[in-house]
1. The conditions are (1) over 16 Å from the mean Cα position of the chain (by Cα); (2) not in a loop (DSSP other than H, G, I, E, B), and residue 81 fails exactly one of them. Which is it?
2. Which residue out of 32, 45 is part of a loop (DSSP other than H, G, I, E, B), at pLDDT below 95 and buried (at least 18 other Cβ atoms within 10 Å of the Cβ)?
3. Which residues, counting only those in the range 229-255, are surrounded by 14 or more Cβ atoms within 10 Å (Cβ to Cβ), within 23 Å of residue 15 (Cα to Cα) and not polar (S, T, N, Q)?
4. Here's a check for you: in the range 199-228, which residue that is among the hydroxyl-bearing types (Ser, Thr, Tyr) and surrounded by 17 or more Cβ atoms within 10 Å (Cβ to Cβ) is farthest from the chain's Cα centre (by Cα)?
5. Write out, first by first residue and then by second, each pair whose Cβ atoms fall under 7 Å of each other, whose residues are 6+ apart or on separate chains, and whose first residue, in the range 243-269, is of a type in the set (D, E, K, R) while the second is open to solvent by less than 30 Å² (accessible area, probe 1.4 Å).
6. Among the residues of the range 152-188 satisfying the criterion of being touching a strand residue (DSSP E or B) at 6+ places or on another chain (Cβ under 6 Å) and buried (at least 17 other Cβ atoms within 10 Å of the Cβ), which is farthest from residue 202 (Cα to Cα)?
7. Looking only at residues that are open to solvent by less than 60 Å² (accessible area, probe 1.4 Å) and of a type outside the set (Phe, Trp, Tyr) in the range 256-277, which one is farthest from residue 28 (Cα to Cα)?
Amino acid sequence: MLSSKPGPIGIFDSGYGGLTILHGIRQLLPEYDYLYLGDNARAPYGPRSFDVVYEFTRQAVQRLFEKGCHLVILGCNTASAKALRTIQQNDLPGWDPDRRVLGVIRPTAEVIGSLTKSRHVGILATEGTIKSESYNMEIQKLFPDIVVSGVACPFWVPLVEYNEADSPGADYFVKKRIDQLMHLDPQIDAIILGCTHYPLLMPKILKYLPDGVRVVPQGEYVANSLKDYFRRNTALEQKCSKGHTVRYLTTENPDKFKEQAQVFLHEPVEVENITLG
């Protein structure tokens with residue numbers, strides 16, 4: 001039986017990248033309580049099949065609901081691409097039709113129309129997100145005139161997680177993928193970072209970005225979208241507790257999570273180990 005009492009906003013990611021989403025939301029909406037869950041033991045989700053990503057994400061969302069959350073945000077592009085819709089349509093009605101699960105792709109797609117003049121947009125993301133074509137579909141629904149091109153960046157997540165984002169070696173991999181994307185469509189004037197790890201590579205990305213091309217990280221846009229969502233859904237907003245707290249759960253070693261979280265948040269965290277599945 002799920003609790004009807006107000007509870008924290010749940011943020012889920014397969015790894016650590018969702019911490020950039022959590023950070024963006026906390027900057028704008030600091031008064032709420034947050035519960036972050038990283039399925040770090042089974043990351044990365046990017047190369048996994050749709051069925052596996054759906055099952056893993058479903059387990060995580062269910063656990064966050066059991067922990068008192070009425071709203072869960074999938075702070076993971078792969079989970080948003082491969083699992084969100086199925087959970088919304090198939091699972092939520094059975095769990096509790098008043099609870100909500102939101103993703104990070106639609107909020108980014110909604111703002112891109114105001115960020116591109118050329119109407120040519122690029123996506124840099126994991127292999128799973130690119131193959132799903134979720135960004136293409138969401139952007140085309142909202143802005144049929146926008147041309148979307150995407151490139152997978154398989155080495156970018158390990159660069160961040162192994163704390164190599166500032167290393168000279170990172171330059172090669174960042175430049176290679178940006179060049180590849182701009183070669184696909186030289187008219188691109190806005191690039192969406194379709195993976196929540198990628199903002200940590202921002203200094204390198206800006207270094208190799210052609211003049212006149214803007215980069216679109218997700219944190220602030222997801223936060224603005226959530227604020228607007230609360231304005232339109234006051235009943236759900238009132239079920240999100242407000243105590244300025246944040247707690248962390250991981251399926252991996254808590255000490256490893258603490259170390260990695262410092263890279264993303266620049267503050268010490270307390271974390272609890274849980275199992276899923």
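The values are calculated or read from the model by the stated rules, or taken from the named source; none is laboratory data. Please read these numbers as outputs of a predicted model, since none were measured by experiment. A quick note on method: Cβ atoms are made from the backbone with ideal geometry, for glycine too, and the neighbour counts reach across all protein chains shown. What goes into the accessible areas is simple: the full protein's heavy atoms, side chains included, and nothing from ligands, DNA or RNA. Shrake-Rupley method; radii C 1.70, N 1.55, O 1.52, S 1.80 Å.
1. Residue 81 satisfies all of (1) over 16 Å from the mean Cα position of the chain (by Cα); (2) not in a loop (DSSP other than H, G, I, E, B) except (1).
2. Going through 32, 45 in turn, the sole match is 45.
3. Across the range 229-255, the qualifying residues are 246, 247, 248, 249, 252, 254.
4. 225
5. 247/35; 252/40; 258/269; 258/271
6. Applying the filter and picking the extreme gives 188.
7. That would be 276.
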